[in-house]
Amino acid sequence: MTALFSRFGGGPDARKTVTFGDAAAVRSLPFWSLVSLIGIIVLWWAGTKPWGFPSDFQQAYEAKAAAEGDNITTRQMLIECGAAPDCDDSMYSQFLGPRTMASPIDTWRGFNVLRTDGFADHTLWEHSWISLWRVIRGMFFGILFGVPVGMAMGLSSRLRGLFDTPVELFRPIPPLGILPLFILWFGIGDPSAVRLLIFASVWIMIISARAGVGTVKLSKIRAAYSLGASKPQVLRRVILPNALPELFTGIRVALGVSWGTLVAAELVGAEAGLGSMIFRARNFFRLDVMLVGIIVIAVIGVLMDVFMRFLEARLIPWRGKG
Amino acid sequence: MKELKVSSVGMVYNVPKSDDVIALNDVSFELEAGRLLTLLGPSGCGKTTLLNILAGFLAPTSGTVELGGQQITKPGPDRGMVFQQGALFEWLSVEQNIAFGPKMNGASKSETKPMVEELLHTVGLAGFGDKQIYELSGGMQQRVALARCLANDPDVILMDEPLGALDALTREKMQGLILKLWQETGKTVILVTHSVEEALYLGDRLFVMAPRPGRIERDYNLPFAEIGLKVEPRELKASPDFIERREEILSLIWEMEEQIMGHGS
Ligand SMILES: Nc1ncnc2c1ncn2[C@@H]1O[C@H](COP(=O)(O)OP(=O)(O)OP(=O)(O)O)[C@@H](O)[C@H]1O
Ligand SMILES: [Mg+2]
């Protein structure tokens, strides 16, 4: 997908005669990324056509509609189904068709409405920004707490001993697992969401900062001391810049995890934000809104990664060239 | 100028669940200021260990090291170190790498700028100041490492196989550069190498070291470094004197290697 943002052209590998098995010669060709993107949209569109994914429910519906000649809504259909003795639960999930999947066109229309009028008290941009701003704050504090602790763990045996236990203990907890507790303590919305994201990112940042300190070559440290650097100078001028690549990897991972965690957390624990928007849309059977929400989440996720890669290329040009 | 005095230095590594390794046993020597000492010997005879002790990175288990009457206990700017590779700071430009030492000691950019220019010129990298480290070849990187070390104006320059990772041709050029710098700056240089030819060509003094326990087996005073400053290196290396010495030392090292092999099997 991100291949769409990469440059076109032959590249340095164009004249390699053997590429099968040469991992360096394999890259994502933008054309084929475009093909798969179009393929996804076509499948999506087909899925909303009656002939696209025929199902028992769909056929039952078509038959009923033809017999009775009226145009009932999905909601009515589901209610009727729920009331009917021969309709079991599996039928709810069995069908995929125009009533349970918004078509690309409907989604586009929904997108335009969301942009201007909004849904659940906020426009699409407001929902997106609310979510993004939560991630930014969560990441900020996650980095602020995580990096010093991780670096301390990489530099001092005593501090490593001290922090090892909490890190090993808390790191495996899936953030969503403690969300109910956070909601209980801090209430729904920002207070619990931001804290949850700090919890989601801080362990990742600690681990990557610790690893970053660990990757510094002894000869670099020794060279710095021989050149007359003091301990604080070695920390600031050698250890910290040397750890930047690892820190960046950590930030990228933490950002991805935070984004996924947040949207899921908002489904239950927030009154605004993309996750909450999707959840409310479900209650009102606004399939178009749900799909717009899902797509926006995906696009923001991709853009965040593209942005991080851009930053990385700018800030750490030496990465992978050592 | 400061004399280096090494008195009965011993170094024992305690290896868990195995015998202790005697990396150095009772090593003593004195080195007047301005000499170029090369260290040669089979792998594991303690060359790196000795250099690390001189640099102050390791404290010997016995004995003392003094530079100009002062005991060495920790690394300091009076002893510069050039590593085999990978000790340059990739996040800094060539210029910034060279200015690192003076900057750590509080020099401003305007103070270091002319000196850096001059050093770039000395090591043959004039005009490369703005380049990034990863844009340079291995040989050029070692030139930067040399310049960075010289920028601090150390009394002693320690080099652990500084040319070990370079190709033969680049290596010869760099040997010439080291000789030239040694003559121009008059600094004490201690250089570890695995190449007998390099040790002979560069060393105005040469230790052949032996392993198990690590010690100085032979101590040569050599004329070639002085001659090398005037004569073509190729010519010098083909001279009968040079070849004779080379064969002598080679057979010495071969004997040691065979003893080690005999021990091992
Ligand atoms: N940190 C260490 N712990 C245990 N033993 C060590 C350590 N460093 C070196 N040794 C041992 O001390 C001996 C001398 O090592 P040293 O690295 O000084 O040898 P060297 O002459 O530099 O070898 P080479 O030519 O391969 O670089 C070797 O037997 C080595 O195994
Ligand atoms: Mg060595």
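The values are calculated or read from the model by the stated rules, or taken from the named source; none is laboratory data. Computed from a predicted model, the values in this text were never measured in an experiment. Ideal geometry is used to build each Cβ from the backbone, glycine not excepted, and the neighbour counts take in all protein chains shown. Only protein heavy atoms, including side chains, enter the accessible area calculation; ligands, DNA and RNA are left aside. Shrake-Rupley method; radii C 1.70, N 1.55, O 1.52, S 1.80 Å.
Determine whether the stretch A:204-214 contains at least one residue that is small (Gly, Ala, Ser), within 14 Å of another protein chain (Cβ to nearest Cβ) and out of contact with any Ser or Thr (no Cβ under 6 Å at 6 or more places or on another chain).
Yes, there is a match, as at least one residue in the stretch A:204-214 is small (Gly, Ala, Ser), within 14 Å of another protein chain (Cβ to nearest Cβ) and out of contact with any Ser or Thr (no Cβ under 6 Å at 6 or more places or on another chain).
With B:161, B:172 as the choices, which residue is within 16 Å of ligand 1 (Cβ to nearest atom) and either of a type in the set (Val, Ile, Thr) or open to solvent by 20 Å² or more (accessible area, probe 1.4 Å) (or both)?
So the residue among B:161, B:172 that is within 16 Å of ligand 1 (Cβ to nearest atom) and either of a type in the set (Val, Ile, Thr) or open to solvent by 20 Å² or more (accessible area, probe 1.4 Å) (or both) is B:161.
Kindly state which strands (runs of 3 or more DSSP E) lie completely within the stretch B:1-110 and contain at least 3 residues that are within 12 Å of ligand 1 (Cβ to nearest atom) and of a type in the set (A, V, I, L, M).
By residue number, B:21-31.
With respect to residue B:33, is the statement that it is under 29 Å from residue B:211 (Cα atoms) and out of contact with any helix residue (DSSP H, G or I) (no Cβ under 6 Å at 6 or more places or on another chain) true? Walk me through how you get there before you give the answer.
Values: under 29 Å from residue B:211 (Cα atoms): yes; out of contact with any helix residue (DSSP H, G or I) (no Cβ under 6 Å at 6 or more places or on another chain): yes.
It is true that residue B:33 is under 29 Å from residue B:211 (Cα atoms) and out of contact with any helix residue (DSSP H, G or I) (no Cβ under 6 Å at 6 or more places or on another chain).
Quickly run through the stretch B:154-165 and pick out the residues that are away from ligand 2 (no atom under 16 Å from the Cβ) and either in contact with a Cys (Cβ under 8 Å, 6 or more places away or on another chain) or more than 17 Å from residue B:50 (Cβ to Cβ) (or both).
Matches in the stretch B:154-165: B:154, B:155, B:157.
Is one or more of the residues making up the stretch A:243-251 in a loop (DSSP other than H, G, I, E, B) and either within 13 Å of chain B (Cβ to nearest Cβ) or touching a Gly at 6+ places or on another chain (Cβ under 8 Å) (or both)? Can you show your working first?
Step one: list which residues in the stretch A:243-251 are in a loop (DSSP other than H, G, I, E, B), which gives none.
No - not one qualifying residue is present in the stretch A:243-251.
Name the one entry in B:148, B:143 that is basic (Lys, Arg), under 24 Å from residue B:183 (Cα atoms) and in contact (Cβ under 8 Å) with a residue 40 or more places away in the chain. Give the derivation first.
Details: B:143 fails: in contact (Cβ under 8 Å) with a residue 40 or more places away in the chain.
Within the list B:148, B:143, the selection yields B:148.
Hey, among A:188, A:198, A:221, which residue is buried (at least 19 other Cβ atoms within 10 Å of the Cβ) and either modelled with pLDDT of 95 or more or among the hydrophobic types (A, V, I, L, M, F, W, C) (or both)?
A:198
The rows are residues; the columns are (1) more than 27 Å from residue B:76 (Cβ to Cβ); (2) touching a helix residue (DSSP H, G or I) at 6+ places or on another chain (Cβ under 6 Å).
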position	(1), (2)
B:153	no, no
B:159	no, no
B:171	yes, no
B:182	no, no
B:192	no, yes
B:206	no, yes
B:220	yes, no
B:228	yes, yes
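I'd like to know if the stretch B:48-70 contains one or more residues that are open to solvent by less than 40 Å² (accessible area, probe 1.4 Å), facing another protein chain (nearest Cβ under 10 Å), away from ligand 2 (no atom under 16 Å from the Cβ) and not acidic (Asp, Glu).
yes
Just the residues that are open to solvent by 10 Å² or more (accessible area, probe 1.4 Å) and touching a residue at least 40 places away in the same chain (Cβ under 8 Å), please, taken from the stretch A:164-178. Show your work before the answer.
Of the stretch A:164-178, the ones open to solvent by 10 Å² or more (accessible area, probe 1.4 Å) are A:164-166, A:168-178.
Matches in the stretch A:164-178: A:175, A:176.
Within the group B:105, B:97, which residue is surrounded by 15 or more Cβ atoms within 10 Å (Cβ to Cβ), closer than 26 Å to residue A:232 by Cβ and not assigned by TED's automatic domain parsing to the domain that holds residue B:186?
Values: B:105 fails: surrounded by 15 or more Cβ atoms within 10 Å (Cβ to Cβ).
None of the others qualify; the one that does is B:97.
Exactly one of (1) among the hydrophobic types (A, V, I, L, M, F, W, C); (2) closer than 25 Å to residue B:66 by Cα; (3) within 14 Å of chain A (Cβ to nearest Cβ); (4) within 16 Å of ligand 2 (Cβ to nearest atom) is unmet by residue B:150. Its number?
Unmet condition: (4).
Which condition breaks for residue A:317 when tested against (1) at positive phi; (2) open to solvent by less than 60 Å² (accessible area, probe 1.4 Å); (3) within 13 Å of another protein chain (Cβ to nearest Cβ)?
Checking residue A:317 against (1) at positive phi; (2) open to solvent by less than 60 Å² (accessible area, probe 1.4 Å); (3) within 13 Å of another protein chain (Cβ to nearest Cβ), the one that fails is (1).
Of the residues that make up the stretch B:73-80, is at least one over 20 Å from residue A:221 (Cβ atoms), in contact with a Gly (Cβ under 8 Å, 6 or more places away or on another chain), touching a residue at least 12 places away in the same chain (Cβ under 8 Å) and basic (Lys, Arg)?
no
Of the residues B:111, B:135, B:117, which is free of Cβ contacts under 8 Å to residues at least 40 places away in the same chain, out of contact with any strand residue (DSSP E or B) (no Cβ under 8 Å at 6 or more places or on another chain) and within 23 Å of residue A:316 (Cβ to Cβ)?
The conditions single out B:135.
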